[in-house]
Structure formats: structure tokens, C-alpha cells
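The values are calculated or read from the model by the stated rules, or taken from the named source; none is laboratory data. None of these values were measured; they are calculated from a predicted model. Note that we place each Cβ from the backbone using ideal geometry, even for glycine, and neighbour counts take in every protein chain shown. When the accessible area is computed, the model is the full protein with side chains, heavy atoms only, and any ligands, DNA or RNA have been set aside. Shrake-Rupley method; radii C 1.70, N 1.55, O 1.52, S 1.80 Å.
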Amino acid sequence: MIELGKILIKDNSSIVEARNKIYLLAEDLKFSSMNATRLATITSDLSRSIYQEIIESSLTVGFEERKDIFGLVLIFQGKRTDLNTKQTELFFDNLQMLATKDGLQKIKAFKYIPDPEFKPTKEFINMEKERLIRLSREELFNEVKKKNEELLKVLDERKKMWEELQNAHTSLKMAKAEVDRKVRRRTQQFQKAKEEAERVNQIKSIFLASMSHELRTPLNSIIGFTGIVLQGFAGELNDEQKKQLEMSYGSAKHLLSLINDLLDISKIESGELKPDIEEFNVAEVGIKIRDSFMIMAEEKELELIFNIPDINIFSDKRRVKQILLNLMSNALKFTEKGRVGVKAVKKDENIEVIVKDTGIGIKKEDFHKLFQPFVQLEYTITEEAGTGLGLYLTKNLVQLLKGRIQMESKYGKGSTFTFILPIRYEG
């Protein structure tokens, strides 16, 4: 058999799609209008008959040659066994009921093509294959909707876990405060609280890792399918549809960035993240980062200054780039006029990278809050959504690479962030 493709029967929408695709194929094979309609109707009826929720059903389409004449072959496969095919037998030239080893039911229907001289050329086969496997706009939207429902279900489950974690964390803080006041007289209670802290921290790490992995799979599907629809592969969109999809696409990308940050943090805290050490040139990394932020700086009419000499270091190139990207992103986000500058110098066995801006700055009383997770200062919140994880992750990455980070700032004048890494990482 020359197989053209397989159509999955998974809902009413896919049954309609199967009917339409078989009708168009029948037209291409020069079936009469009445026979094309009957073939499409039978396809719809049999697809609906074999379909059962949860269990995968399918329709396989192809050509088969019998007695030197080609015919159209439709193979319906599903779990249903109580099928009535009497009316169907009258239409097809041959109909077989087959049972598979895995308990599925197969119906193989054969219908001679009206033109006895028909021979399926390579071009014809490729054209029909492409039509059968191509997803319609409705199918794409249904797939996005399905992935959204999966994501919402996972989010609801994780929300309950998070609430339990918060309750446990609150209880822990109360216990710890009590221990701090009576530490000399209540050593046993202190030890118990310490064990509880370790347990809660383990739960948090497991929660973050589990949530990140389980969310990324449906989220990547949402981003992918939304991108396909936005590019017009499923048909032209009107302005309102495009606007709504672009908002969904941007929100999904932002959520994926948050999930990736959470996953990195959970790996660092659990000790699973290990540096990938290699020799690389810091100036080359700086140039690529500068180029990536050039458009943003021009849009805000900011002067962007990079002064990074050719210095080779042995460290984790990806993580060094991530550190500099985070600091540069913050500097540009919170600077409305003036400049953002990056400078690197070699000092003894270390490299010192300085990111300086003329932005809104930070109040002295808020210095201690900067490198804490999920913290955003009121006067630093912009239209561009933030997560409060950037500086916390940056600090952890610097420490992972055996370095340190420091900050100086004057409110209303600007900020300077400096991270110092060893030229040669020693694990």
C-alpha cells in the first residue's frame, strides 16, 4: 500500500477535518460529486463510530493496486467492536474487519478509483500527503486551548503545594524566633527546628524543580503553536486576533523566563548545578552583549559605553554571560537618561567587571533587600514586568564561580554593580 498519511481522531473537530480532507481527495481522484459526498459522509460516520475518549483512534489513507487498477484505501482503527457496517459494505468494493494483537479494531475499506488508467505520480502523492497532515487553523487553536487547560491544571496543583509550603515556612519562622530567645536553655528544641528547616528547604527545592520541568513542556508548546499561528501558516489573522495572540505570546515568553530562573536557582541551592569551565575571551562576550542591547539603548537615547580589554579567563562562559546580561538589563531598564557603562580590569589573579548607570538609584535603607528573592522596590517597578529574581540569581551565579558581587548607589543619581571573579576557576 502507498500510504498518504494518518489522521488522528481525537475529538469532534478532528472528525470534521477527516471528512473535509477525504472529500477533497475524492475530488482530486475524479469521483463524481455524489460519490465524493457519500465517501466523505461514510468517513465521518465511521470515524465517529470508532472514536472513544482517552483511547487513540485513527484513519490511515493510501492507495492500493488490485488487478492492475488502483483503488483508494481507508483504514479506520479504534477500540470499538460494536460497529454496524452494512450500509458501508454497499458503497465500497471491498470491506474487511480485522482485529489487532493489542485489542484494537480495524476496518479496511477499498474503493476503485473511477479512472482505470490512474497512476499515482510522485508529485500527486506529495501534494495529497501535505494536505492530509496539514493542521487547520481550528486544529491549531484547539491544540493551544488544550495545552492551556493542561497548564492551568498544573498551576492549580502547584498553587496548592505552594500554599502548603508557605504555611510550613510561617510555622518554621515562628519556631525559630522562639528558639532564638531561649537558645541556651532549649538546645533540643533548636535542633528540632533546624531539622524542620532542612525538610522545608528540601520540599522547596523539589517543588521548584518539579514545577519548572512540568510547566516548561506545555508552555513551550503554547509558544510554538502561537508562533505558528502568528506567522500566518494557518491562515491570515485580523488585527484583533493578531493583537491578542501577541499578548499571549509575550506573556508565555515572560513566564518561561521566570521558570528558567526558578530552575537555575533550585539547581544551585540543591548543589546540582556544576560550572562548565573553559577558556574564553571576556571582550568577545562583552561585544555580543553590547550589540544585543544597542537597539534598546538607542530607543531610550542612552549612551552605551563598553571598555573591556582582551582578557582570557578560565570559567563558565555561559554563566558569566548570564551575570553580565542580568546586570546590563537592570541598568538599562532603570535608566531614563544619561549613560550605561561597562568596564573590566585585571587585578592580580582576578577580573573585576563594573556596570555603572545614571538611573534612578537605590535608597540606602533598601540596600539589604537587593539580593533577596522575589523582592521588588516600589520605586523601581516599571511597565516592563519583573520577577524579583534577577539579582538573587546573579549573586548565586557569582558565588558558584567562586566570586563576589558588591553594589554602590545614590538615590536619584545611579548605581554601580561590581562582580569579581578569579581568572582561573579552582573548584
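What part of the accessible area of segment 229-354, given as a whole %, is carbon or sulfur when the probe is 1.4 angstrom? Percent of accessible area from carbon and sulfur atoms in segment 229-354: 46.
The aspartates and glutamates within cross-link reach of Lys363, meaning a Cα-to-Cα straight distance under 14 Å and a gap of 8 or more places when in the same chain, are Glu378, Glu408. Accessible surface ranking for Asp310, Asp366, Asp276, 1.4 angstrom probe, highest first: Asp310, Asp276, Asp366.
Each of Asp239, Asp261, Asp316, Asp102 has its accessible area taken with a 1.4 Å probe; listed largest first, they run Asp239, Asp102, Asp261, Asp316. Label-to-label distance, Phe233 versus Arg48, with points set 7 angstrom from Cα along the beta-carbon direction: 3.1 nm. Accessible surface of segment 1-126, 1.4 Å probe: 49 percent of it comes from carbon and sulfur atoms.
Can you tell me the 0 to 90 degree angle between the C-alpha axis of helix 390-400 and the longest principal axis of the chain, rounded to 10? The answer is roughly 70 degrees.
The mean accessible area for residues of the chain, using a 1.4 Å probe and ignoring ligands and nucleic acids, is 59 Å² per residue. Accessible surface ranking for His368, His169, 1.4 angstrom probe, highest first: His368, His169. All other residues whose Cβ lies under 13 angstrom from that of Ile75 are scored, Lys and Arg at +1 and Asp and Glu at -1, for a net of +2. Solvent exposure of Lys30, expressed as accessible area, is near 140 Å², computed with a probe of 1.4 Å over the protein chains only.
Rounded to the nearest 10 degrees, the angle from helix 12-28 to the longest Cα principal axis of the chain is 50 degrees.
Were the residues from Lys106 through Ile125 laid out at 0.36 nm apart, the gain over their Cα-Cα distance would be 4.5 nm. Subtracting the Cα-Cα distance of Glu408 and Glu278 from their residue separation scaled by 0.36 nm leaves 43.7 nm. In the chain, the DSSP-assigned H stretches of four residues or longer account for a calculated mean residue ellipticity at 222 nm of -18000 deg cm²/dmol, using -39500 (n - 2.57) per stretch and the full residue count as denominator. Using only Cα atoms, locate the centre of segment 385-427 and the centre of segment 269-311, then give the distance between them in Å, rounded to an integer. The distance from the Cα centre of segment 385-427 to that of segment 269-311 comes to 13 Å. Dipole check for the chain: with +1 at the C-beta of Lys and Arg, -1 at the C-beta of Asp and Glu, and the Cα centre as origin, the magnitude is about 1620 Debye. Eigenvalues of the alpha-carbon gyration tensor of the chain, scaled by 5 and square-rooted, set the equivalent ellipsoid semi-axes at 60, 29, 20 angstrom, largest first.
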